[in-house]
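The values are calculated or read from the model by the stated rules, or taken from the named source; none is laboratory data. All figures in this text were calculated on a predicted structure; none of them were measured in a lab. No Cβ is skipped: glycine too gets one built from the backbone with ideal geometry, and neighbour counts run over all protein chains shown.
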Amino acid sequence: MTRAAAEFVAGTIRPEIRALGAYPVAKADGMIKLDAMENPFSLPEAVRSKLAEALTSVPINRYPDGGAEALKESLRTALAVPSDLGLIVGNGSDELIQLVVSAVAKPGASLLVPEPSFVMYRLCSLYAGLRYVSVPLKPTFALDMDAMRAAIERERPSLVFLAYPNNPTGNLWPAAEIEEILRLAPGLVVVDEAYHAYADASFLSRVGAMPNLMVVRTLSKIGMAGLRLGYGVATPEWTTELNKLRPPYNVNALTQAAVPILLSETALYADQVAKIKAERFRLNEVLASMPGIETYPSETNFVLARFPDATHTYAHLKAAGILVKNMHGSHPLLENCLRITVGSSMEMDALIEALQTIR
Ligand SMILES: *Cc1c(COP(=O)(O)O)cnc(C)c1O
């Protein structure tokens, strides 16, 4: 008698993996896509041409440069990362998060995360079998520092993730609180600056001075989500170890060729960020003026808002061709919350109109 694949799977794949659903990516064909913090602007024709020309000469029959040296050089220049600091690149910052988690996973170790925060922290912890410890934020989404101190003391976490600004709440915790966590933590503290372009704060300049700090960023939220590039900056002691876990060719040749060209378009991206910040301000104002809607300050390219019935509003927007993220049910503090990516002014007009016709 032959055993069915399901039986092999049941006896082979870990139960906690089998219990997971696949990461949900909503279908968005033809919709106004405001669910994934993408930049709404397509590239200008002139930049497309430059890119096209550079990409035609990439030798895609060869493996990419495993060390991504030219790419890293252009990142160092663009971000003024000193040469005595370590730099590691990943296939999106998701990959770097996964690398860091698997590097510290050992029996008894733990990962500490204030919640609600970025879901990949929890997922990567589960993939690697690293014990996950969450500390609820306050209802205002501020850090509960007493609870954080107590958890650090009790758990002695190998790793702490702090999204700065935080996703999905959009706020920026006080730098002094992050610094205190860095001082108290016995292990690595990753400050995840996925939204740094939309915030007026960063820990990048403190990396050399704080021995257990790693800053992780991504190019996704400023307009290069399709290229999949994340990077981490820490002292070389950390990046040397993490590089040992990195798949040798994790950043593909087309991305390595494209990113330096796009990074040189500083005025273009600065202009897009300014437009998105202006739309964020407008969206927040409009939402705050609508009866029954509670808004939260955002230092990102999304706005979190609480509705009388988020699931109803979500469905209404979807019927109007607008896709947002329904956070209801994902965490007790996010009851009836929707996370809305800030798009172009036309997209925001459509969103506002749809919200005004809701009943
Ligand atoms: C979007 C996001 C990431 C992942 O970005 P990728 O580089 O696209 O994998 C990481 N951290 C936070 C907080 C995010 O919101």
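On the basis of being modelled with pLDDT of 95 or more and more than 30 Å from Tyr63 (Cβ to Cβ), does Pro236 make the cut?
No; evaluated as a whole, the condition is false for this residue.
Might you check whether a residue that is on the phi > 0 side of the Ramachandran plot and within 24 Å of the chain's Cα centre (by Cα) occurs anywhere in segment 41-62?
No, that holds for no residue.
Residue by residue through segment 97-114, note down the ones that are within 16 Å of the ligand (Cβ to nearest atom), out of contact with any Cys (no Cβ under 8 Å at 6 or more places or on another chain) and under 30 Å from Glu335 (Cβ atoms).
Correct list: Leu111, Leu112, Val113, Pro114.
From the list Leu262, Leu287, which one is within 17 Å of Ile352 (Cβ to Cβ), buried (at least 18 other Cβ atoms within 10 Å of the Cβ) and of a type in the set (A, V, I, L, M, F, W, C)?
That would be Leu287, the only listed residue that is within 17 Å of Ile352 (Cβ to Cβ), buried (at least 18 other Cβ atoms within 10 Å of the Cβ) and of a type in the set (A, V, I, L, M, F, W, C).
Which strands (runs of 3 or more DSSP E) does segment 109-179 wholly contain that include 1 or more residues that are of a type in the set (Asp, Glu)?
Strands (runs of 3 or more DSSP E) meeting the threshold: 110-115.
Among residues belonging to segment 163-198 that are within 16 Å of the ligand (Cβ to nearest atom) and among the β-branched types (Val, Ile, Thr), point out the one that is surrounded by the fewest Cβ atoms within 10 Å (Cβ to Cβ).
This residue is Ile178.
Restricting to segment 115-144, name every residue that is within 12 Å of the ligand (Cβ to nearest atom) and within 19 Å of Leu182 (Cβ to Cβ).
Answer for segment 115-144, where residues must be within 12 Å of the ligand (Cβ to nearest atom) and within 19 Å of Leu182 (Cβ to Cβ): Ser117, Phe118, Tyr121.
Could you go through segment 65-87 and let me know if any residue there is within 15 Å of the ligand (Cβ to nearest atom) and of a type in the set (D, E, K, R).
no
Wholly within segment 1-64, which helices (runs of 4 or more DSSP H) include no fewer than the required count, namely at least 2 residues that are within 23 Å of Gly90 (Cβ to Cβ)?
45-56
Any idea which of Val216, Val160 is under 25 Å from Asp35 (Cα atoms) and within 15 Å of the ligand (Cβ to nearest atom)? Write out each step before concluding.
Details: Val160 fails: under 25 Å from Asp35 (Cα atoms).
It is Val216.
Among the residues of segment 10-46, which ones are loosely packed, with under 10 Cβ neighbours inside 10 Å and in contact (Cβ under 8 Å) with a residue 24 or more places away in the chain?
Within segment 10-46, Tyr23, Gly30 qualify.
Out of segment 182-200, which residues are over 18 Å from Trp238 (Cβ atoms), more than 16 Å from the chain's Cα centre (by Cα) and part of a loop (DSSP other than H, G, I, E, B)?
Asp200, the sole residue that qualifies.
Among (1) touching a residue at least 24 places away in the same chain (Cβ under 8 Å); (2) away from the ligand (no atom under 16 Å from the Cβ); (3) among the hydrophobic types (A, V, I, L, M, F, W, C), which single condition is Ala147 missing?
Only one criterion in (1) touching a residue at least 24 places away in the same chain (Cβ under 8 Å); (2) away from the ligand (no atom under 16 Å from the Cβ); (3) among the hydrophobic types (A, V, I, L, M, F, W, C) is unmet by Ala147, namely (1).
Of the conditions (1) part of a helix (DSSP H, G or I); (2) within 16 Å of the ligand (Cβ to nearest atom); (3) crowded, with 18+ Cβ neighbours inside 10 Å, Gly226 fails just one. Which one is it?
Condition not satisfied by Gly226: (3).
Any idea how many residues of segment 193-217 are out of contact with any Leu (no Cβ under 7 Å at 6 or more places or on another chain) and closer than 20 Å to Met120 by Cβ?
Total meeting the criteria: 7.
Checking Ala6 against (1) under 30 Å from Cys124 (Cβ atoms); (2) modelled with pLDDT under 90; (3) hydrophobic (A, V, I, L, M, F, W, C), only one condition comes out false. Which one?
If we test Ala6 against (1) under 30 Å from Cys124 (Cβ atoms); (2) modelled with pLDDT under 90; (3) hydrophobic (A, V, I, L, M, F, W, C), just (2) comes out false.
Among the listed residues Glu73, Glu115, Glu95, identify the single one that is out of contact with any strand residue (DSSP E or B) (no Cβ under 8 Å at 6 or more places or on another chain) and of a type in the set (D, E, K, R).
Just a single option satisfies the conditions, and that option is Glu73.
Just give me the residues in segment 112-157 being among the basic types (Lys, Arg) and over 22 Å from Gly170 (Cα atoms), in sequence order.
Within segment 112-157, Arg131, Arg149, Arg154, Arg156 meet the criteria.
Across segment 324-346, what is the number of residues that are within 19 Å of Arg280 (Cβ to Cβ) and either more than 24 Å from the chain's Cα centre (by Cα) or surrounded by fewer than 18 Cβ atoms within 10 Å (Cβ to Cβ) (or both)?
The qualifying residues number 3.
Quick check, is Ala28 at pLDDT below 95, among the small types (Gly, Ala, Ser) and under 30 Å from Ala234 (Cα atoms)?
Here the answer is no, as Ala28 does not meet what is asked.
Sort out which residues of segment 242-256 are in a helix (DSSP H, G or I) and under 14 Å from Ile97 (Cα atoms), and write them in order of number. Let's see the steps before the verdict.
Start the filter on segment 242-256 by keeping residues that are in a helix (DSSP H, G or I), which leaves 242-245, 253-256.
Matches in segment 242-256: Leu242, Asn243, Leu245.
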